[in-house]
Amino acid sequence: MKRAALATAGRIWPNATAIVLALGFVFPVYWMFSTAFKPTRDIITEEPVWFPFRGTAEHFATAVNAPHFWTLAGNSVVVTVLAVGLSLVIALCGAFALTRMRFKGRRGILLTFMIAQMAPWEVMVISIYMIVRDADLLNSLVPLTCFYMLMVLPFTLLTLRGYVAAVPKELEESAMVDGCSRRQAFLKVVFPLLAPGLMATSLFGFITAWNEFPLVLVLNKEPAMGTLPLWLSQFQSQFGDDWGATMAAASIFAVPILVLFLFLQRKAVGGLTSGAVKG
């Protein structure tokens with residue numbers, strides 16, 4: 001009986017701790033969404049309203065009807081998708097070369113990417129601004145796409161390198177013996193096995209590029225050439241911050257990331273079996 005009680009207690013405490021931590025992480029998200037649906041009087045009251053029984057969509061209307069919303073949303077989608085797509089293609093080719101090939105300077109390249117991953121981009125904003133200004137590319141989506149791609153490229157390459165290294169080289173050799181070219185062996189054998197890594201790195205890249213604020217604030221001053229993070233910062237009035245509209249805008253901004261995470265989570269698990277090899 002004592003052993004059973006100790007075993008039960010040993011299971012209860014980790015589960016209870018996990019639940020408390022999960023609630024701590026989920027509560028800010030709940031508060032953001034619930035505040036977005038609260039009437040203004042329930043937001044500014046001294047007593048917190050934990051559940052918006054009298055929900056309203058007026059704050060979402062205010063957020064969506066803000067100037068240049070749809071233009072900035074389109075800019076964010078274009079810049080983020082292009083940056084993530086380019087980084088995946090370049091990183092996949094680089095990871096395959098660094099893993100499967102032996103050449104001088106390979107360790108130096110890896111060290112360079114590791115240093116680039118550790119370097120904070122905020123300290124390079126002034127240098128980036130001067131480069132873009134001299135190239136006459138201010139208020140353009142092209143430099144944003146390029147620099148966002150460079151921001152997520154080191155992590156993407158280093159992560160995909162581990163996935164490529166985990167795939168046995170003998171699988172490619174067996175496919176080539178069966179008549180496949182190197183390209184066909186990569187696309188039909190190796191690429192399906194890399195699906196979990198591609199999903200994980202694309203999700204990280206999307207979050208990084210989607211949330212980036214300092215760079216677009218410096219490079220794109222024109223209202224119609226910014227992205228959604230700039231849109232989030234404009235809900236202020238002469239009486240202070242419009243918290244209802246701010247929370248509604250933050251909720252709209254967070255929905256694509258939540259949907260993408262749920263979608264890629266299922267696909268990543270499916271990728272583990274879709275690349276299985278029959279014995």
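The values are calculated or read from the model by the stated rules, or taken from the named source; none is laboratory data. Quick caveat: nothing in here was measured; it's all calculated off a predicted structure. Methodologically, a virtual Cβ is constructed for each residue, glycine included, from the backbone with ideal geometry; neighbour enumeration extends over all protein chains shown. All accessible areas refer to the heavy atoms of the entire protein, side chains included, with ligands and DNA or RNA removed. Shrake-Rupley method; radii C 1.70, N 1.55, O 1.52, S 1.80 Å.
The table below gives the values:
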quantity	calculated
In segment 39-82, the residues that are under 30 Å from residue 197 (Cβ atoms) and hydrophobic (A, V, I, L, M, F, W, C)	73, 77, 78, 79, 81, 82
Within segment 83-119, considering residues that are outside any helix (DSSP H, G or I) and either aliphatic (A, V, I, L, M) or open to solvent by 70 Å² or more (accessible area, probe 1.4 Å) (or both), the one farthest from residue 199 (Cα to Cα)	104
Residue 184 modelled with pLDDT under 80 and over 29 Å from residue 111 (Cα atoms)	no
Any hit, segment 162-179, residues being out of contact with any Phe, Trp or Tyr (no Cβ under 7 Å at 6 or more places or on another chain), surrounded by 17 or more Cβ atoms within 10 Å (Cβ to Cβ) and closer than 23 Å to residue 110 by Cα	yes
Residues located in segment 41-70, provided they are farther than 30 Å from residue 223 by Cα and surrounded by 16 or more Cβ atoms within 10 Å (Cβ to Cβ)	42, 52
Selected residue (criterion: modelled with the highest pLDDT) from residues of segment 235-279 that are β-branched (Val, Ile, Thr) and surrounded by 17 or more Cβ atoms within 10 Å (Cβ to Cβ)	252
Subset of segment 191-222 [buried (at least 21 other Cβ atoms within 10 Å of the Cβ) and over 11 Å from the mean Cα position of the chain (by Cα)]	194, 197, 198, 215, 216, 219, 220
Residues that are within 24 Å of residue 198 (Cα to Cα) and either open to solvent by less than 60 Å² (accessible area, probe 1.4 Å) or modelled with pLDDT under 90 (or both), drawn from segment 121-149	121, 144, 145, 147, 148, 149
